[in-house]
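Some notes on the structure that comes next.
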Amino acid sequence: MGRRWAPGICAVALLWLAAAAAGDPDPDELERAFPIVEPDYGHTKLRLSEQGLEAIRRIENPIAIVGVIGPYRSGKSFLLNQLLSLSCDKGFGVGHMRDTKTKGIWIWGKPVEMDVDGTKVSVLYLDTEGFESVGKSNVYDDRIFALATVLSSVLIYNLPETVREADISRLSFAVEIAEEFYGRVKGEEIAFEPAKLLWLIQRDFLQGKSVQQMVNEALQRVPNDNGNKYIDEVNQIRDSLAIMGNNSTAFSLPQPHLQRTKLCDMEDKELEPLYVTRREQLKQVVGSIIKPKFVQGKTLNGKEFVSFLQQILEALNKGEIPSTGSLVEIFNKAILERCLKVYKEKLEGLRLPVPVEKLQQIHEVANGEAKLLFDKQHFGKHHAVQSILKLEDEITKVYKNFLLANEYQSSKLCEARFSECEDQMDHLQVLKLPSMAKFNAGFFYCNRTFVMECVGPAKERYDHRMSKMLLKSRALFIKEYNNKLFNWLVTFALVMVVLGRFVIKFFLLEIAAWVMFIFLETYTRMFWSAESLYYNPAWHIIVSSWETIVYSPLLDLDR
């Protein structure tokens, strides 16, 4: 009996274990650091770490991130442990070797629950790999910096001793974000709010200056009498940082102890009293400026935050964001596409071909609308210059394609009208009963149709061809017209001779006909050419009478 129940008991036990494994993780298991972003082998790209992502996904409250950035070996991990009130053996790993301990980006698995403006917020603390360490590319440092800037609600810039020129340069991206998103009209949908920037300078003395004075001096413009491009760029960043105002805070923290390699083994009572006091003040400052992360005007829970992280990291690894200063271009990219679409739709509304002046006019209007849309929606003050240049390049390419298409359609249409006119002129050349009135009617109709329908850049070229063809056709027709008219008059004179002698038997009619025949065959050939009959006033009545009989709007004898 016991043997019979054993398999069932095992199955139930296995199911219970599986259910326990699939359930919520033990809170104690989350009280450690998890990697969320790791470097690849060559330290050029970043990849996500599922361990840390799972720890974040389970969070249902709005998330806030406190991130720490700075040079390697500057005490970022120790600082985070101090903010979390954790010892080194329980908190973030602290290294005392020359290489950096933290690789990529790590978070503390158990969030700190805070009440922010009546909302329960889960605060995650984020540690980053220090920049300027050996064996890494600048692009890698830039990506770590950019990612931390985008993810954080509060960004602590941890600096030992002082603010250097390189530290100012690295803030170009943070400046772009702060300028564009901080202080936008409330309620307007935005990409994401920038992190609150906290300058944290760790040093024992400030030579009579406050840390805020030190930061302010570091942000003052540098004279650039020689027009150095690099100094101009850094001065632009300085100007922007000065404008940020309420979005940045300066704070000083003295060294906790002279023997830094033994800090992890010390209790608070062994540390410098001033450090302990300032550390507690720093906790209060950080807590006072924490806000939940906003993306597209809404807070993010764990799953939404992971999705946002995946999108940004994918863009970074694709190379769409080559440096910290141009991360804003990923947001401008979608705007550029919308602006280009507005431009294209305006031009695509034209029915080609059109006159060059009209195409140029529509291009200028569409170009103005696209740039106006870009000015209203673009992100970034300084890097927007690069984006607008890119937009101009794309618009130029599209405009050139429309110029080529307009040229092709114009040539195609003008060639068709020209061929129709040429066929019509050829047909008029072979009239059995010549009629200048009929030729002129066809000539003017053809010319009017060509002038109205042949439009665009090819018109001028085809106008010249058309004029030559029509003049040649007219000259040839007049020559043939006079020859045919002369032959018809000679034939008419002979017919009158026959009628006067044999049919009517009227001698005067016969004499008149013979005079007309002799005149046409002698005088005309001696003094006039056949071609001059149409133009000679003496023959006007005869020619007019012929034209009236042969062709009129109601009667066309040639048909």
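A few notes on this one:
- In this rough spin-label picture, where each label sits 7 Å from Cα along the Cβ direction, the Ala475-Glu267 distance is 11.8 nm.
- Residues whose amide H lies under 5 Å from that of Gln202, counting only those 5 or more places away or on a different chain, are Leu159, Glu161, Leu253; hydrogens are built 1.01 Å from N in the peptide plane.
- Of the solvent-accessible surface of region 365-506, computed with a 1.4 Å probe over protein heavy atoms with every protein chain present, carbon and sulfur atoms account for 62 percent.
- ³J(HN,Hα), Karplus 6.51/-1.76/1.60, whole Hz, each residue of region 228-234, x for Gly, Pro: 5, 5, 5, 5, 4, 5, 5
- Accessible surface for region 384-503, divided over its residues, is 55 Å² per residue with a 1.4 Å probe.
- Here Lys468 and Ile518 are evaluated by their C-beta separation; at R0 = 60 Å the FRET efficiency comes out at 0.90.
- Gain in span if fully extended, Glu453 to Arg221, counting 0.36 nm per residue against the direct Cα distance: 77.2 nm
- Listed pairs Lys303/Lys333; Lys333/Lys412; Lys412/Lys432 exceeding 30 Å between Cα atoms: Lys333/Lys412; Lys412/Lys432
- Extension gain for the segment Leu508 to Val276, taken as residue separation times 0.36 nm less the Cα-Cα distance, is 69.1 nm to one decimal.
The values are calculated or read from the model by the stated rules, or taken from the named source; none is laboratory data. The model shown is predicted, which means the values in this text are computed figures rather than measured ones. For neighbour counting, all protein chains shown are included, and Cβ atoms are generated from backbone atoms with ideal geometry for every residue, glycine included. Side chains included, ligands, DNA and RNA excluded: accessible areas come from the protein's heavy atoms. Shrake-Rupley method; radii C 1.70, N 1.55, O 1.52, S 1.80 Å.
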